[in-house]
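Below you'll find the structure, written out as structure tokens, and then a few comments.
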Number of protein chains: 4
Amino acid sequence: MSTLSDNAYGKSGIRLVRVARRGARHELRDWTLAVRFRGAYDAAYRDGDNRDVLPTDTMKNTVYAFAKERPFGAPEEFARALVEHFTAHNTEAQSVAVEIVERPWSRLPGAGEAGTHDHAFTPAPCRRHAWVERDAQGMRVRGGVSEMVLLKTTSSGFARFRRDRYTTLPETDDRILATAIEASWQIEGSRALDHDELWATAKAAIEESFGAHFSRSVQELIWIMGNAVLARCPAIASIHLRLPNLHHLPVDLSPFGLDGRGEVFVATSAPYGLIEGTVRRGT
Amino acid sequence: MSTLSDNAYGKSGIRLVRVARRGARHELRDWTLAVRFRGAYDAAYRDGDNRDVLPTDTMKNTVYAFAKERPFGAPEEFARALVEHFTAHNTEAQSVAVEIVERPWSRLPGAGEAGTHDHAFTPAPCRRHAWVERDAQGMRVRGGVSEMVLLKTTSSGFARFRRDRYTTLPETDDRILATAIEASWQIEGSRALDHDELWATAKAAIEESFGAHFSRSVQELIWIMGNAVLARCPAIASIHLRLPNLHHLPVDLSPFGLDGRGEVFVATSAPYGLIEGTVRRGT
Amino acid sequence: MSTLSDNAYGKSGIRLVRVARRGARHELRDWTLAVRFRGAYDAAYRDGDNRDVLPTDTMKNTVYAFAKERPFGAPEEFARALVEHFTAHNTEAQSVAVEIVERPWSRLPGAGEAGTHDHAFTPAPCRRHAWVERDAQGMRVRGGVSEMVLLKTTSSGFARFRRDRYTTLPETDDRILATAIEASWQIEGSRALDHDELWATAKAAIEESFGAHFSRSVQELIWIMGNAVLARCPAIASIHLRLPNLHHLPVDLSPFGLDGRGEVFVATSAPYGLIEGTVRRGT
Amino acid sequence: MSTLSDNAYGKSGIRLVRVARRGARHELRDWTLAVRFRGAYDAAYRDGDNRDVLPTDTMKNTVYAFAKERPFGAPEEFARALVEHFTAHNTEAQSVAVEIVERPWSRLPGAGEAGTHDHAFTPAPCRRHAWVERDAQGMRVRGGVSEMVLLKTTSSGFARFRRDRYTTLPETDDRILATAIEASWQIEGSRALDHDELWATAKAAIEESFGAHFSRSVQELIWIMGNAVLARCPAIASIHLRLPNLHHLPVDLSPFGLDGRGEVFVATSAPYGLIEGTVRRGT
């Protein structure tokens, strides 16, 4: 005898680009969506009975139809509309989740508003995330950012750490710190919000705190960044940060009678430190 | 005021290749390891106090030293030795986890045992996984496989599913089914086991059940595969399977007066269905 | 005033999977194709005049229609049929080339012929290549292989090399040699050939010579492999080999009082040596 | 009997990050280098005789030593210094080439000069290229850019093209055009140049011409861009442009009684058009 648990199914990798034409001025949204249903689907697994299974192809079609029917705007709002539709029509689904990864595009220089081009764009290097999930507990909304690469050439150290018989790392109070931030935040309640503005504010808070502080570890940097976001964004209840430490190692030039400290580094991709933590309001 | 939770830190991407030279006959293990500590590390985050922080560089050094000192063998055993070492020396760590991803290599044809080469190898296309974690609840061991790509050209269908106004998918009882399986299983208790044999048996059970049954959905395939593994591997308590549906769509050749059904397909990478579930013993 | 040269255009990334159903026994071909035209297309570039431009979408359609109409078989034959079609109907194209990258699949174990499954498959880790090009000089056919990863744990060295003031590399007569071979060969004349057999023979010759010889450098290995292919395959006029040296470095365990030579290695991805050369018949 | 030709060897993937500390204001260069020697190396291939073979490890060491010894500046200058060094000391090398791929970083906002941060950076999404090669014909210098992604939501069409029996593509005079530009230009003579300024000017010329013109095909866009670069950069003799056409297809919403033309697109990654051409001065 055996039992089924943790079932989930859906469509991932739905690529959607929306254009809003406001006269000559065009707006652009570039999204990759994933839809996930969890629930009372035992018959499909155990008996091959698909009667309650909405095809993942239909999930994809729904996304495209909604892209025509729903207002052009923040991914959080679009995800919410999809979640409401799917929960209303699929009562077997005890949880419905939609994740949207947005590739932000910025305008090229041009003759339009504020010296920018009306319809030509180039992508920003990071990704924006929006998650909406509805289950018996209600609706939850998360925002986030990933692939947000930051580097500082100083104002970072790592010293006075634990040593054991396998420790060879020298202490340093001046090193390159490079990382690719993955952050995800829980949005308080379900108030109406300008999600685009919230995202920009949270991202700016991360960037500013990165540059503003000496960090004695990536752990401390996470704490500082997390608190900066909470301070600037009252709508955010908690934030999880996940930072790889993309080591830039000083090259040993002593065999050539040279000293390249502080000037010559090798950027490595493996191994890498990986540090994470959640900062939440309250005690 | 704010609080820290869900902290974790460690080293990822530790690349280790071990060679055992048994006379002319060499054995090879190719691993990528990750070490994770979770626990009472608030001082590091909040105060930049690193006194209890074992550097991730030391974790890496420990892996390499253990590769010399510990017996050559299954990744589960090596991970367990590391976990025991780290928990013994880092009491702040309420949880220590080690994950090993093994790239399996097979021997080239040659003049050695059973027509194989003594020291020349080529990689298998899938990956083996071993996870060991120790916390207050004790030690847990998981095995797994990923990037296990399987395709069948028939014996798969999808029909009699739910339809709504956005459904356009035609029913079929004969389609290509292709997937890249990610499976992870919980190993019962802590008995001594031949982990290499267990892994090979579980993998073979997945492969055999893939080819042996008509599948009316990926959901049903997960149920069949999961039960096949439980039937063949008494040491496995439960198995989680995660299968993308790598759609192979029939190409519409009707504009050219042709019918390519069953013969001509376009393999797509996005969007893709993603289906998962856990099968566990008992009711 | 300016001039146009080196123009080329076409469709890349055309994903085609063909199935041949010979009763219960199915055959599978998994291809990614690219079509390239070069020629008298100045009007398109200079004047935006598309009259002579066959859309790349049509190239893709032609591939799919041919997949229905042409015999199931080797990629070299299919590429040749496409090249002949395109050159016959596009006289502006002074050169037409078709490249096919085949993902080879092997059968799972099963109850069919020779203990293999009739319709369930798993992919091989390497890629097969076929190129056909026709221009004023006639038709040329090339075959090849890529992503062919091989590793030997011994029978490789590198010593007695040039030294200058920046040289620190120790000499060795026993190292791991790992590489991902990219080979491409020119097929002599236009005789009818069993291209599947030729490809398998050339690949086997590369594998066997890899394991059979001590190599004093990757350069020497290229020479040995190239000559092995020429010796086994009379239809091949010349072969180009391109081998990254995927360094496996001994880990220095001396800080821990250990010596891991020959046993403990770190596999690195960057930097890597890259060595290539063409071996051709005759003097 | 067989012959060797087209030999080449070197080190690729050399990761170098240089920091120049001008007081509190830091400058950053992030490079991946490749060094290639071609020449009279038959003895290494045919006889395993390494006497004339400078190890690729030494090439890497030389790069790091030069990073300390040579002035901080444009990659073209650094590559030239390396090429001169290697050709002077390795007379067997009939050709020495150095390629540098630069990841450009821009400053975060901050309290330094012009509202930018003194030592905190974020990467630009494109890559800069510099190639220097010396052989019997002398020294040649090329610059370039890759991964330069641009998209416009209108001002692009494709119509009045050739049709054959496999053509189904509808004509359009209003489509999304998206591409990831790869450009490489030949620099005239060997005059002293501000290579950083030249690169920025060429890149800006490409961007501006992308946004400024209606393009009737990617071919015409290449011609327009190439001429824009030649017009703005007298030091550039010719430019090669290679543009994938990253198709954004209108989604057919007619099954749902909707029309999403101009608003709802699916971004595809395969198949893709690939168009290239060289524009050079003179007739």
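Summary table
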read-out	value
Residue-averaged beta-carbon neighbours from other chains (10 angstrom radius) around A:110-117	2
Whether the stretch A:38-156 is rounded, prolate or oblate, judged on the alpha carbon gyration tensor where a/c under 1.5 counts as rounded	prolate
Translational D in µm²/s for the stretch B:139-232 (Stokes-Einstein at 20 °C, 1.002 mPa s, Kirkwood Rh from C-alpha pairs)	142
Compactness index (Cα Rg / 2.2 N^0.38 Å), the stretch A:9-89	1.31
Shortest-first distances to equivalent copies, position residue B:21, nm, label 7 Å out along Cβ	4.5, 5.7, 7.2
Peptide C:19-28, shielding by other chains (average Cβ, 10 Å cutoff)	3
Listed peptides B:157-166, B:131-140 by packing density, highest first (mean Cβ within 10 Å)	B:157-166, B:131-140
The protein assembly as shown - mean residue ellipticity at 222 nm from DSSP helices (-39,500 (n - 2.57) per run, n ≥ 4, rounded to 500)	-7500 deg cm²/dmol
Teacher prompt: residue B:113 distances to equivalent labels in other copies, 7 Å Cα→Cβ, nm	3.4, 6.7, 7.3
Chain A - percent relative contact order, Cα under 8 Å, separation 6 or more	12
For the stretch B:182-255: rounded, prolate or oblate by the Cα gyration tensor [a/c cutoff 1.5]	prolate
Protein heavy-atom accessible area occluded, A/B pair - total, 1.4 Å probe, Å²	6100
Gyration tensor verdict on the protein assembly as shown (Cα atoms; rounded if a/c is under 1.5, prolate if a/b is larger than b/c, oblate otherwise)	rounded
A from D by rotation - nearest chain D beta carbon to the axis, in Å	D:125, 2
Nearest-first distances (nm) between copies at residue B:73, label 7 Å from Cα via Cβ	5.5, 6.2, 6.2
Ranked by how many other beta carbons lie within 10 Å on average, peptides B:85-91, B:14-20, A:114-120 from highest	B:14-20, A:114-120, B:85-91
Ratio of Rg to Rh over the stretch D:92-157 (Cα coordinates, Kirkwood Rh, two decimals)	1.21
Accessible surface, per residue, of the stretch D:124-257 when the full set of protein chains is kept, probe 1.4 Å, Å²	40
Principal-axis tilt of helix A:195-212 within chain A, Cα atoms, nearest 10 degrees	10
Positive-end residue of D:108, D:73, D:151, charge dipole of the stretch D:50-161 with Cβ unit charges	D:151
Shielding by other protein chains, A:76-86, mean Cβ within 10 Å	0
Two-decimal ratio, chain C, of alpha-carbon radius of gyration to 2.2 N^0.38 Å	1.23
The stretch A:1-112 - accessible surface per residue (Å², probe 1.4 Å)	35
Accessible surface of the protein assembly as shown [probe 1.4 Å, protein heavy atoms]: carbon and sulfur percent	49
Cut-off under 5 Å, modelled amide H: who pairs with residue B:120 long-range	B:108
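The values are calculated or read from the model by the stated rules, or taken from the named source; none is laboratory data. This is a predicted model, so every value here is computed, not measured. Cβ atoms come from the backbone with ideal geometry, glycine included; neighbour counts cover every protein chain shown. Areas reflect the complete protein model, heavy atoms only, side chains present, ligands, DNA and RNA absent. Shrake-Rupley method; radii C 1.70, N 1.55, O 1.52, S 1.80 Å.
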